[in-house]
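Heads up, the thing below is written out as C-alpha cells.
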C-alpha cells in the first residue's frame, strides 16, 4: 500500500483523490467523505485519552479490532507522555516516536480508509512530555514583552512535539487575566487583550511552523468565573456583551486572523445562561463567520457532559449531541469512553435529528486539519531525530534566556541590588520556596525535569559567601484555606520553624526571603479568596524585618500577591512568575548582577482583594475621589526596574491622518545613560480623548524590547493601523472615529516619559 509518492490508504490499488497530495484539500475532503460510512464519520468527532486514562494498552492489541475505534478516531490525547505509568515508552525519546508510529500504522493499515490519527498534547510552557524543555509559565513569558522570544518558544515546543510524534498542541492560552483570585491566572499572558493577542499569535505561528497544529484555549470568556473561583465556572454576570467582545474575544479573533489557527478548545462555562458548548453565537457566528476560523473545535474535558450534568439543558445525550454539533463543536473530549457520544451521533443521524449535511460539515472540518498537517501523505515520524531535538542545548539556552527576561524587579531601594559579594559574607536564605524544586514549575508543562532550587543556585553564584538556610514556614498553615478568611494562631511546630528562621537571620549580613506559591495555592482548582501571601509567610517577613537586616524578597508564584506591608519593610523585591527549569539560575544571576533584570508586569498588582475587578486596561472615570477609596495599583501594568537608566527623547508623529495603507508611524529615541548594559521595554499606549462610548483610560498598542550598551541610543519606530485605535460600538463593529488621540511612550503604564496629542482623521 506504500507507493513511491502516495499511500493507498483504502487499499483498493487506485490512487483516489483523497490520496493525491497534488489535489486541493477541499477536493480531497469531498472524495473521502463520499467514501465514509456514518460509523467512520461519527468516530472522527471523538477523542480517546491515552494509556492510563481510556486506552487500555500502550500499543495496538487484537482487541482494538473489536473496539469503538476500529472505525478510526479524531485524535488520541496525551498518549505515553510519562505522566502516568507509561514511562517505558515516554523515554528515551526515540522509543516514544516508535510507539506513536506503531499506533499510527495500525490506523493507517487496519482501518478501512486508513484515516490517520491526530496525536494531541498539552504545551503552554513547553511540551507536556517527559524531559522536554521546560520554559517559563505563560505569565512569565508575558513578562518578557518579547514577541520574537515567544515565537522561538513556540517553535521549540512544536519541533519537540513533532519529533516525538505529536501533531497537535493545546496552546496558546488566550484567556485574559482580570481577576487575580482565579487559580489559572498563571497560565495566561496577562490582563491586556493586546499583549495576549500579540504573544498568542507568535506562539501559534511558532508551533504551526513545525507542521503541528496549535489549539488555543479556553474559548470563550472563561477567565472571569463568578467570584474568581475556578470551581464555579460561570462567567461573571457583570460582563456586558460589548466588554466581552472587546476584552475577552478579541485575542481569539486576532490570533485566528494572523496565525491561521488550526484548533480551538471550547470551555466549560456559560455566558448569559447559555453554555458555550451549545452556543451557535460563539462557536459559529463569532468563531467561524466573524473571525474566519477554519480549523476544528475540541471540547475541554467533560464540557460535553456538562450540558446534562451541570447545566441541565437536557437529560438526553442524543439531544446534547445534536445541540453541540449544531452549535459548532467538532470533537468531544473526556476522561471516559467516547462510545456513548459516538452512539448518540449515529442515532441522531439515523433518526434525522442530525442531518447528514451537518455531520459532513463537522467531520470535514476535522479532516481539513489532518490534510493541512500532511498526515495523509506523511503519517510517520523518523525515529532517530527525537534524541537530537528534544531538550537539546539550544533549547535549554533559550529556556535560560526566557527565564532571564521574565524576572521582574519590583523594588530596589538604595540600589541594594545587585548584591556586592564582598560586602555580604554571610547570607541567610529563608522561606518555603528556597529549597522547593517545584517552585519553578507549574501545570501542563514538561514532566520529570530535574530543577535547581533557588538555594542551590544562590550557593553556586555566591561561592565566597557562607550560606545559611531555614524554611521558616510552610507555604500554607494547618488551617488553609480557611485561614484565607479567618485568623488562626500558630501551632507549636509552626512556631518552632519560625523561631529557627529568626535565629538563622540574626547570624547573617543579609536575608534573602524566598516566599510565594505552590500547587495548593495557585493553579487549576486552586483559586483563592485572599491575595495575601498564604499561611504565615507575612508573619515571617514581619519578624525578620524587625531585626533590621538588609532584606531581599523573591516572590515565586503564579499570581501577583498583594504584599503591601512587605513593600514598606523589604529593601528589594523580585517577582518570579514560575520561570521554568532555568528559573533559579536566572534569579541568582539577577541577584549577583551577572544579568541585569528587564522583565515587566503583564498585569497590575492590586493593593487589596477588595479592589477586584480592577485590572489594566480600565474604564474607570477620571478623578476618582473619596477617603474610603483605595485607588490605583500597588505596582502598575508594565512596571519593572533595571540596574541601568534609560532616557526617552525625540517623539515624532508626523502624520495627522492615516496614509493610504491605513497606518501611521510613531518614533522616539532611547538612550542608556548608565554605565551598565541593559534591556528596556519601550511601551506605547493610546487614549481616545473624545468617543461616542466609554473607552479605556489608556490602552497598550505597541511594545519593543531593545538592548543598549552604556551610552548607546537607538531610534524606535511603532507602526499603528487604524483598527488598533478604533472603537467597538454596541453592534460590536469596529469603527474609527476621527478626533484627538493621545499617544504615550514610557517604561510602564504609569511611568510615562513622552506623550503627544494629535488630531487624526
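Criterion first (within 27 Å of the chain's Cα centre (by Cα) and farther than 17 Å from residue 293 by Cβ) does residue 332 satisfy it?
Against the criterion (within 27 Å of the chain's Cα centre (by Cα) and farther than 17 Å from residue 293 by Cβ), residue 332 qualifies.
Filter the stretch 162-191 down to the residues that are out of contact with any helix residue (DSSP H, G or I) (no Cβ under 8 Å at 6 or more places or on another chain) and either within 17 Å of residue 705 (Cα to Cα) or outside the structural domain of residue 219 (by TED's automatic domain parsing) (or both) and list them by number.
Hits for the stretch 162-191: nothing passes.
Do you know which of the residues in the stretch 396-409 that are under 22 Å from residue 557 (Cβ atoms) and surrounded by fewer than 24 Cβ atoms within 10 Å (Cβ to Cβ) is farthest from the chain's Cα centre (by Cα)?
The extreme case among them is 409.
So which residues in the stretch 23-33 are closer than 12 Å to residue 360 by Cα and either in the same structural domain as residue 359 (by TED's automatic domain parsing) or touching a helix residue (DSSP H, G or I) at 6+ places or on another chain (Cβ under 6 Å) (or both), if there are any at all?
Those that are closer than 12 Å to residue 360 by Cα and either in the same structural domain as residue 359 (by TED's automatic domain parsing) or touching a helix residue (DSSP H, G or I) at 6+ places or on another chain (Cβ under 6 Å) (or both): 29, 31, 32, 33.
Any residue at all in the stretch 12-22 that is free of Cβ contacts under 8 Å to residues at least 60 places away in the same chain and either in a helix (DSSP H, G or I) or closer than 15 Å to residue 103 by Cβ (or both)?
Among the residues of the stretch 12-22, at least one is free of Cβ contacts under 8 Å to residues at least 60 places away in the same chain and either in a helix (DSSP H, G or I) or closer than 15 Å to residue 103 by Cβ (or both), which makes the answer yes.
Go over the candidates 103, 153 one by one and state the one that is in the same structural domain as residue 336 (by TED's automatic domain parsing), touching a strand residue (DSSP E or B) at 6+ places or on another chain (Cβ under 9 Å), assigned to a helix (DSSP H, G or I) and closer than 15 Å to residue 199 by Cα.
153
Scan the stretch 374-384 and give yes if some residue there is modelled with pLDDT under 95, in contact with a helix residue (DSSP H, G or I) (Cβ under 9 Å, 6 or more places away or on another chain) and not in a loop (DSSP other than H, G, I, E, B), otherwise no.
yes
I'm told residue 42 meets every condition in (1) under 17 Å from residue 337 (Cα atoms); (2) under 31 Å from the mean Cα position of the chain (by Cα); (3) crowded, with 23+ Cβ neighbours inside 10 Å except one. Can you identify the failing condition by its number?
Only one criterion is unmet by residue 42, namely (2).
Taking strands (runs of 3 or more DSSP E) that fall entirely within the stretch 704-761, which contain at least 2 residues that are farther than 17 Å from residue 687 by Cβ?
713-721
Among the residues that make up the stretch 233-253, is at least one of them closer than 20 Å to residue 140 by Cβ and in contact (Cβ under 8 Å) with a residue 12 or more places away in the chain?
Yes - at least one qualifying residue is present in the stretch 233-253.
Without any contact (Cβ under 8 Å) to a residue 60 or more places away in the chain, surrounded by 15 or more Cβ atoms within 10 Å (Cβ to Cβ) and either more than 29 Å from residue 385 (Cβ to Cβ) or more than 32 Å from the chain's Cα centre (by Cα) (or both): which single residue out of 56, 27, 70 fits that description?
Unique residue meeting the criteria: 70.
Evaluate the stretch 427-442: report whether one residue or more is over 25 Å from the mean Cα position of the chain (by Cα), in contact (Cβ under 8 Å) with a residue 60 or more places away in the chain and either more than 28 Å from residue 531 (Cα to Cα) or surrounded by fewer than 18 Cβ atoms within 10 Å (Cβ to Cβ) (or both).
Yes, the stretch 427-442 contains a residue that is over 25 Å from the mean Cα position of the chain (by Cα), in contact (Cβ under 8 Å) with a residue 60 or more places away in the chain and either more than 28 Å from residue 531 (Cα to Cα) or surrounded by fewer than 18 Cβ atoms within 10 Å (Cβ to Cβ) (or both).
Residue-wise test of (1) part of a loop (DSSP other than H, G, I, E, B); (2) out of contact with any helix residue (DSSP H, G or I) (no Cβ under 6 Å at 6 or more places or on another chain); (3) outside the structural domain of residue 343 (by TED's automatic domain parsing); (4) surrounded by fewer than 24 Cβ atoms within 10 Å (Cβ to Cβ).
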{"residue": "84", "(1), (2), (3), (4)": "yes, yes, no, yes"}
{"residue": "88", "(1), (2), (3), (4)": "no, yes, no, yes"}
{"residue": "95", "(1), (2), (3), (4)": "no, no, no, yes"}
{"residue": "109", "(1), (2), (3), (4)": "no, yes, no, yes"}
{"residue": "121", "(1), (2), (3), (4)": "no, yes, no, no"}
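Answer with yes or no whether residue 239 is at pLDDT 95 or above and not in a helix (DSSP H, G or I).
Spelling it out, it is not the case that residue 239 is at pLDDT 95 or above and not in a helix (DSSP H, G or I).
Check off (1) under 30 Å from residue 92 (Cα atoms); (2) buried (at least 22 other Cβ atoms within 10 Å of the Cβ); (3) within 23 Å of the chain's Cα centre (by Cα) for residue 448 and give me the number that stays unchecked.
(2)
Of (1) in contact with a strand residue (DSSP E or B) (Cβ under 8 Å, 6 or more places away or on another chain); (2) modelled with pLDDT under 95; (3) not in a loop (DSSP other than H, G, I, E, B), residue 55 satisfies all except one. Which?
Checking residue 55 against (1) in contact with a strand residue (DSSP E or B) (Cβ under 8 Å, 6 or more places away or on another chain); (2) modelled with pLDDT under 95; (3) not in a loop (DSSP other than H, G, I, E, B), the one that fails is (3).
Can you name the residue in the stretch 593-618 that is within 23 Å of residue 545 (Cβ to Cβ) and out of contact with any strand residue (DSSP E or B) (no Cβ under 7 Å at 6 or more places or on another chain) and, of all such residues, is surrounded by the most Cβ atoms within 10 Å (Cβ to Cβ)?
606
The values are calculated or read from the model by the stated rules, or taken from the named source; none is laboratory data. Owing to the predicted nature of the structure, the values given are computational and were not obtained by experimental measurement. Neighbour counts run over all protein chains shown; Cβ positions are idealised from the backbone, glycine included.
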